[in-house]
Amino acid sequence: MPPVDARTEPIRRAVASGEFGKAQALWEDYAGRLAEEVRSGTFSSAKLEATRELAEWCRVTALCARSHAQGRLNRMAIARQYGAPCAASASASRISARA
Amino acid sequence: MGTVSSSLTSPVTVYSGSSGSAGSSGSTSPTGLFTGTSAYSADLQAVITRAVQIATLPIELLQNQQSFLTGQSNAQTALDTDFSALQTAVQNIGTAMSGGSFQTDISDPTIVGATLGDGATQGVYAIDVQDIGAYATSMTPSSWNATETVAGKPDAFQLVVGANTYSITGTDDSAGSVAAAINARYGNLVDATVVNVGSSSAPDNRISLQSATLGPMTLDIKNAAGTSLQTQGATPGRLASYEIDNSGKVVTSNSRTVTVSDGVELTMLASDNGTPADVTVTQSPSALDSAMSTFAAKYNQAVKDVAAQRGQSAGALQATPILTELQRSLSAISTYSSSGAISGLNDLGLQLNDDGSLTYTEGTLLSADIGNSSAVTAFMGSATTGGFLEAAANALTNIEDPTVGLLKNAETTTQTQIADIGAQIAAKQAQVTQLQTNLTSQMAAADSMISMVQQQYQEISGMFAAMQVEDQMYATG
């Protein structure tokens, strides 16, 4: 397991939780700071390797999450064909966003 | 229902007598007369008609019974429709009371979703989703390459979920087969999937395991030798954490769906960055009013149709015991009372009129519910937990139950009786037809014989007359 980095940990937590929108925003912020370090000459090869590892981890984790989600969707579709009971009564509630 | 041949309800068939061939059965005469050649053919027809009319009397009696029972059956079916509709109306009140008439308004639907069920009450729930948590994961560190120890015989693997170990065997040792075996047997604990982390031209298939619950958890697959085949996720699983109504108490959960109140389930969708999401649960007045109005209408229809079976110009069910039972059930529903703050239907806007009907005043129930929700809930109860809804449901089940319901049983009994009488009528009809055939045959033979005798008499009479003429001519020379 890579060492905990206070700047990348929120990204890892968001990706691990499946909050990909939030992770993307964090990535953009992180990438901006990395670009600033490059421009200021403080960016190191070790930092580049850590960033590469983080990007690869995010890619694989996202792939896994998508695969798990696809599997669940497939099973739901199959279960519906056999009339399996729904997990929750969606018709019991109506959700509307507050203006 | 049995049917009766139209030939029995029409005038008795009249046959034409034979014109001399004894034993023939004759044919139908369009004139309605027994047109035999003898002078007695009309008498013979009268004998047939009379005999058939007498034989038909029991059939007419059975037809009357059948007609009466058919009327009863139709009336029972109409009442069955009424009480079935009333039963549905009672169920719909229960649905409206138990969450069907509630709706939610969420300040930020990207943070939380809501599902309402039995016991939901109006209110505002503020949820601060501090962390939606994460599922524990593990993945094969490199391409899955397990091969069968003995060709054609899949190996047994060990699935490790937390402190527990389970044996799994796929149809073969491939990643897909092992993942399918895990999902089939232990899908409630862990979700397995095969992920290609390579490219389509250079696939790199691995098994990814994901815990079914949030929080840290060891997930592993071991081969027969006990060697671990998975690498635990770089970021361990975490419990979800949230705070309700700024209570200052942070709660953790191994599920993103949490029950914050009876009948109110919230599903955390994302962390809220410190701004709680408000979930406002309100009751839809239209749904509840609609359910109550429909109940009153269906109740009144049942009352009206039961009343139509009694008194002057009453229906076919007049004086039958089932009418009393139906009336009693309706009264039990409309006069249901409770010792609570809500004592009767009148408090909820359903006023019982002198003619036994109900009148619903819209908005009364909703007002009562807002003013004293617990009292309304206690009075109404549910179909299984007491209160008005259970009493009404039981009363209507006694009537409408498919096997033991009063109306259902009555309908079945009446239908059986109608069918029995139909069979009796058919048997009697066959007997009358046979009698008619026999009599016609006999009468045709009799007519033929009489015709022959008449003819012989006329010949002899003619011969005699000729002889007399000849004698006279001889005597007068």
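Run down B:A430, B:A444 and say which single residue is at pLDDT 90 or above and in a helix (DSSP H, G or I). Spell out the reasoning first.
Numbers: B:A444 fails: at pLDDT 90 or above.
The conditions single out B:A430.
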query = Has segment B:230-245 got any residue that is of a type in the set (V, I, T) and in a loop (DSSP other than H, G, I, E, B)?
reply = yes
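Being of a type in the set (A, V, I, L, M, F, W, C), surrounded by 14 or more Cβ atoms within 10 Å (Cβ to Cβ) and at pLDDT below 90 narrows it down to one residue among B:M467, B:M473, B:M452; which is it?
Matching residue, one of B:M467, B:M473, B:M452: B:M452.
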task = Taking only segment B:155-204 into account, find how many residues are touching a strand residue (DSSP E or B) at 6+ places or on another chain (Cβ under 7 Å), surrounded by fewer than 17 Cβ atoms within 10 Å (Cβ to Cβ), within 13 Å of another protein chain (Cβ to nearest Cβ) and farther than 29 Å from B:S253 by Cβ.
result = 4
message = Suppose we keep only residues that are under 21 Å from A:W27 (Cβ atoms) and among the β-branched types (V, I, T) within segment A:49-80. Which one would you say is surrounded by the most Cβ atoms within 10 Å (Cβ to Cβ)?
response = A:T61
inquiry  = What's the number of the only condition in (1) more than 14 Å from chain A (Cβ to nearest Cβ); (2) of a type in the set (S, T, Y); (3) within 20 Å of B:P276 (Cβ to Cβ) that B:T88 fails to meet?
reply    = (3)
Evaluation of B:L79 against (1) buried (at least 23 other Cβ atoms within 10 Å of the Cβ); (2) part of a helix (DSSP H, G or I); (3) within 14 Å of another protein chain (Cβ to nearest Cβ) (one fails), failing number = (3)
request  = Would you point out the residue of segment B:205-225, among those that are within 17 Å of A:A65 (Cβ to Cβ) and among the β-branched types (V, I, T), that is surrounded by the fewest Cβ atoms within 10 Å (Cβ to Cβ)?
outcome  = B:T213
key: Tally, over segment B:144-196, of residues that are within 44 Å of the chain's Cα centre (by Cα) and among the acidic types (D, E)   = 1
Residue check, B:V281 assigned to a helix (DSSP H, G or I) and either in contact with a Ser or Thr (Cβ under 7 Å, 6 or more places away or on another chain) or surrounded by fewer than 16 Cβ atoms within 10 Å (Cβ to Cβ) (or both) = no
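Residues are listed down the side, and each one gets a yes or a no for (1) away from chain B (no Cβ under 14 Å); (2) free of Cβ contacts under 8 Å to residues at least 40 places away in the same chain:
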residue: A:G21; (1), (2): no, yes
residue: A:S40; (1), (2): yes, yes
residue: A:T51; (1), (2): yes, yes
residue: A:T61; (1), (2): no, no
remark   = Expected single match for under 26 Å from the mean Cα position of the chain (by Cα) and closer than 24 Å to B:D105 by Cα among B:A291, B:A296 is B:A291
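The values are calculated or read from the model by the stated rules, or taken from the named source; none is laboratory data. For clarity, every value in this text was computed on a predicted model and none was experimentally measured. Quick reminder, even Gly has a Cβ in these numbers, built from the backbone with ideal geometry, and neighbours come from all protein chains shown.
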